[in-house]
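The values are calculated or read from the model by the stated rules, or taken from the named source; none is laboratory data. Because the structure is predicted, anything quoted here is derived from the model rather than measured. Every residue, glycine among them, receives a Cβ derived from its backbone with ideal geometry; neighbour counts consider all protein chains shown. Heavy atoms of the whole protein, side chains included, go into the accessibility calculation; ligands, DNA and RNA do not. Shrake-Rupley method; radii C 1.70, N 1.55, O 1.52, S 1.80 Å.
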Amino acid sequence: MAILKIARMGHPVLRSRAQEVPDPTVPDIKYLVRDMIETMDDAPGTGLAAPQVHIPLRVVVFRVGGHRTTGAPDDQAEPLTVLINPILEPQGEEMALDWEGCLSVPGMMGAVPRFTRLRYRGFTPDGEVIDRTVSGFHARVVQHECDHLDGILYPQRIKDMRLFGFVEEMKKGMERPHERKPEPEID
Ligand code: NI
């Protein structure tokens, strides 16, 4: 077990497209996933993508905490998902704005538009297929994490840069876009 060093914005590994995992079931992937989960929980963070720990492979881990979900059938808490070689298919055009942060962009937060509904597929380290259609916070987390696999960090998705800044400053009275205290936590 190991807590891995997290790459920060600007590092080349965060700007490149990560490679497909040829065989999700090999032991090396299990070891990587184990360390990614430990690193995510130590941070702590909602999710982590392999490029964030300097490994350019298409692997993400995430937990969907119940406090940010709506409880709708497709937006429920998800204790832990390990997703390898994910494919994302937004369902419809609808997008929503909400706060995000990222372990690779420490101390910052921003309001990011994301597709509201999403189908995603991929594999677990046991070779099992994951095929889910989700919405809300769950859909947001998956889009954020999988962006990391394509060299995209959330600031690149922000349309209104006034809604991007240091967490400590943003919390001073600014409650847009949802008229509540910002609480970024995607990673
Ligand atoms: Ni992130």
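What number of residues within region 95-120 satisfy the criterion of being within 20 Å of residue 48 (Cβ to Cβ) and in a strand (DSSP E or B)? Quick ask: steps written out before the conclusion?
Narrowing region 95-120 to residues within 20 Å of residue 48 (Cβ to Cβ): 98-110, 112, 114, 118, 120.
Checking the rest, the ones that are also in a strand (DSSP E or B) come to 98-100, 108-110, 112, 114, 118, 120.
Qualifying residue count for the region: 10.
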Qualifying positions in region 121-140 - surrounded by 15 or more Cβ atoms within 10 Å (Cβ to Cβ) and part of a loop (DSSP other than H, G, I, E, B) | 124, 125
In region 152-169, anything touching a strand residue (DSSP E or B) at 6+ places or on another chain (Cβ under 9 Å), among the hydrophobic types (A, V, I, L, M, F, W, C) and open to solvent by 20 Å² or more (accessible area, probe 1.4 Å) is listed as 161, 164, 166, 167
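Which one is farthest from residue 144 (Cα to Cα) among residues in region 11-23 that are in a loop (DSSP other than H, G, I, E, B) and open to solvent by less than 40 Å² (accessible area, probe 1.4 Å)? Even if it seems obvious, please write down each step before you answer.
At the first step, the residues of region 11-23 found to be in a loop (DSSP other than H, G, I, E, B) are 11, 15-18, 20-23.
Right, trim to open to solvent by less than 40 Å² (accessible area, probe 1.4 Å) and you get 18, 21.
On the way: 18: 15, 21: 19 Å.
By that ranking, first place goes to 21.
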Taking interchain pairs and intrachain pairs at least six residues apart, which have beta carbon atoms under 6 angstrom, with the first residue in region 88-110 and more than 11 Å from the ligand (Cβ to nearest atom) and the second open to solvent by 30 Å² or more (accessible area, probe 1.4 Å) and of a type in the set (Lys, Arg)?
-> 89/119; 91/117; 91/119; 92/117
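Go through region 122-146 and report how many residues are away from the ligand (no atom under 16 Å from the Cβ) and not small (Gly, Ala, Ser).
Taking region 122-146 and keeping what is away from the ligand (no atom under 16 Å from the Cβ), we get 122-136.
Imposing the further condition that a residue be not small (Gly, Ala, Ser) reduces the set to 123-126, 128-134.
The total comes to 11.
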Give me a count of the residues in region 22-56 that are away from the ligand (no atom under 16 Å from the Cβ) and among the aliphatic types (A, V, I, L, M).
-> 4
Which condition does residue 3 not pass, out of (1) more than 25 Å from residue 160 (Cα to Cα); (2) within 13 Å of the ligand (Cβ to nearest atom); (3) of a type in the set (A, V, I, L, M); (4) over 13 Å from the mean Cα position of the chain (by Cα), if it passes all the others?
-> (2)
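Pick from 149, 118: which is open to solvent by less than 10 Å² (accessible area, probe 1.4 Å) and away from the ligand (no atom under 16 Å from the Cβ)? It would help to see each step written out before you state the result.
On the way: 149 fails: away from the ligand (no atom under 16 Å from the Cβ).
Of 149, 118, the one residue that is open to solvent by less than 10 Å² (accessible area, probe 1.4 Å) and away from the ligand (no atom under 16 Å from the Cβ) is 118.
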State whether the residues of region 72-87 include one that is within 16 Å of the ligand (Cβ to nearest atom), of a type outside the set (Asp, Glu) and surrounded by 24 or more Cβ atoms within 10 Å (Cβ to Cβ).
-> yes
Tell me, yes or no, whether region 58-69 has at least one residue that is within 15 Å of residue 29 (Cβ to Cβ), in contact with a strand residue (DSSP E or B) (Cβ under 7 Å, 6 or more places away or on another chain), open to solvent by 20 Å² or more (accessible area, probe 1.4 Å) and without any contact (Cβ under 8 Å) to a residue 40 or more places away in the chain.
-> no
